[in-house]
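J.: My questions will all concern the structure given below.
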Amino acid sequence: MPPFLSNLFKKRAKSVIGVDIGSSSIKIVQLTKKSGHPVLETYGELSLGPYAGKEVGEATNLPIEKIIAAVTDMLREKEVNITTRVAGLSIPFASSLMAVIELPALSAKEISDMVPIESRKYIPVPISEVTLDWYPIPKDKSPDSEAVPIPDPNFPPPAPKQEVLIVALHNDTINQYKDIVTKSGLEASFFEIEIFSTMRSILDQDVTPVLLIDMGATSTKLYIVERAILRSSHMINRGSQKITDELSKSLGISITDAEYLKREKGLMGEINGIPVRNVMTITLNYIFSEANQVLLAYQKKYNKNVSKVLLVGGGSALKGIVDVAKSIFNVEVLAGDPFGKVVAPAFLEKVLRDTGPEFAVAVGVALRVLQEKG
């Protein structure tokens, strides 16, 4: 995967952490390695709402100083008991730009020279202001992968093409994360865009296309991944915060009470004996219908069926959400299970399965740190 590396540290540690800074909370997962397997040591979440004078669960847009304070508080939280500062950090998808572009099938050196030039068509700022990476997408050798045009003797055959995934991060974003690392006392060997962390924690060796739906507080990210390669990405400007707002307005309750109702009861919740499912599904149906259109467009473009839909992110921990998604999609729908790749105590199995989807990014980052530490 295309990494964005910052300060490399040679110090070895038995334990590592993955840090996911979202719009409504910070999530941290601490892992170690035993007998060659990743083992969960601790994990935790800190709401960012109070740092902005808002309620727990509300989305924020904090200045960097407040984020640093929140990360520092999280690292010191006694109940979570983080014991290491060796870390990796994820960077939000919204802070990046990714696109699949088509180039002539040339050598790696020639493509490397062309990428910065072609990328200007997709990047709305000067190339000098971003850190740019790229990854050639291997051709699918399956005979059913694409239609073969019938040769026309009157026209020469089209020149072969190569698909390339380009990834760009604004230098200001990288500098902000370096500031977070330095001032919170972390030792971070890399920064990674959250989709690559999610893919590492959630996906197995899938050879058929998979749609990942990452529902955050303010937005929902859609990723279509095939053979461990990101093929398509899309963002919907609605997330789980919208559900909380609709509950609060429709039921005449506070944001705090609406957030509690959403988290604890989900789609099975009631107020004075009245089910709240219809209120909650307004946002969910919109998000899943949009996602289904992205899925269908991909299938039409590449003549391939998406085999399943995986739900991750804080919003996907909503009780009953999988059943709502199944009513929209004509493929298998599952909740992501990032802790499934980690050894954990048996008594935590149900808790981790229920809360797992919202820790997909943090687990994925921690797994990469563990891999790099050997």
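The values are calculated or read from the model by the stated rules, or taken from the named source; none is laboratory data. Note that the structure is a prediction, hence the values are computed from the model and not measured. Positions of Cβ are backbone-derived with ideal geometry, glycine not excepted, and every protein chain shown enters the neighbour counts.
J.: Tell me, which residue of region 116-134 that is of a type outside the set (V, I, T) and surrounded by 15 or more Cβ atoms within 10 Å (Cβ to Cβ) is farthest from N171 (Cα to Cα)?
T.: In this case the residue turns out to be E118.
J.: For region 309-332, give me the residue count where each residue is touching a strand residue (DSSP E or B) at 6+ places or on another chain (Cβ under 6 Å) and either assigned to a helix (DSSP H, G or I) or more than 25 Å from D20 (Cα to Cα) (or both). Give the derivation first.
T.: Narrowing region 309-332 to residues touching a strand residue (DSSP E or B) at 6+ places or on another chain (Cβ under 6 Å): 309-313, 315-316, 322, 325-326, 329, 331-332.
In the following step, the residues that additionally are either assigned to a helix (DSSP H, G or I) or more than 25 Å from D20 (Cα to Cα) (or both) were identified as 315-316, 322, 325-326, 329, 331-332.
Qualifying residue count, region 309-332: 8.
J.: Could I ask something else about it? Under 9 Å between Cβ atoms, at least 6 apart or on separate chains: pull out the pairs that start in region 67-95 with a residue that is within 17 Å of S189 (Cα to Cα) and touching a residue at least 60 places away in the same chain (Cβ under 8 Å) and end on any residue that is of a type in the set (A, V, I, L, M, F, W, C) and surrounded by fewer than 16 Cβ atoms within 10 Å (Cβ to Cβ).
T.: Every condition considered, the pairs that remain are V86/F9.
J.: Continuing with this model, one more query. Given the options R231, R200, R227, name the one that is touching a residue at least 12 places away in the same chain (Cβ under 8 Å), surrounded by fewer than 18 Cβ atoms within 10 Å (Cβ to Cβ) and either within 30 Å of N285 (Cβ to Cβ) or of a type outside the set (S, T, N, Q) (or both).
T.: When all the criteria are applied, what remains is R227.
J.: Restricting attention to region 83-116, which residues are touching a helix residue (DSSP H, G or I) at 6+ places or on another chain (Cβ under 9 Å), more than 19 Å from Y177 (Cα to Cα) and in a helix (DSSP H, G or I)?
T.: Correct list: P116 only.
J.: So S289 clears everything in (1) surrounded by fewer than 18 Cβ atoms within 10 Å (Cβ to Cβ); (2) modelled with pLDDT under 95 except one condition, right? Which one?
T.: Unmet for S289, out of (1) surrounded by fewer than 18 Cβ atoms within 10 Å (Cβ to Cβ); (2) modelled with pLDDT under 95: (2).
J.: What is the one condition in (1) surrounded by 18 or more Cβ atoms within 10 Å (Cβ to Cβ); (2) out of contact with any helix residue (DSSP H, G or I) (no Cβ under 8 Å at 6 or more places or on another chain); (3) farther than 22 Å from D245 by Cα; (4) not aromatic (F, W, Y) that K326 does not satisfy?
T.: (1)
J.: Being assigned to a helix (DSSP H, G or I) and touching a residue at least 60 places away in the same chain (Cβ under 8 Å) narrows it down to one residue among L295, L284; which is it?
T.: On inspection, the qualifying residue turns out to be L295.
J.: Would region 75-82 turn up any residue that is part of a helix (DSSP H, G or I), surrounded by 15 or more Cβ atoms within 10 Å (Cβ to Cβ) and assigned by TED's automatic domain parsing to the domain that holds T218?
T.: Looking through region 75-82, at least one residue is part of a helix (DSSP H, G or I), surrounded by 15 or more Cβ atoms within 10 Å (Cβ to Cβ) and assigned by TED's automatic domain parsing to the domain that holds T218.
J.: As an exercise: evaluate G273 against (1) buried (at least 17 other Cβ atoms within 10 Å of the Cβ); (2) not assigned by TED's automatic domain parsing to the domain that holds I213 and give the number of the one condition it does not meet.
T.: With respect to (1) buried (at least 17 other Cβ atoms within 10 Å of the Cβ); (2) not assigned by TED's automatic domain parsing to the domain that holds I213, G273 is out only on (1).
J.: Which one is modelled with the lowest pLDDT, of the residues in region 152-190 that are among the small types (G, A, S) and closer than 30 Å to V86 by Cβ?
T.: Top of the filtered list is S189.
J.: Among the numbered criteria (1) surrounded by fewer than 24 Cβ atoms within 10 Å (Cβ to Cβ); (2) closer than 22 Å to P92 by Cβ; (3) among the β-branched types (V, I, T), which one does I243 miss?
T.: (1)
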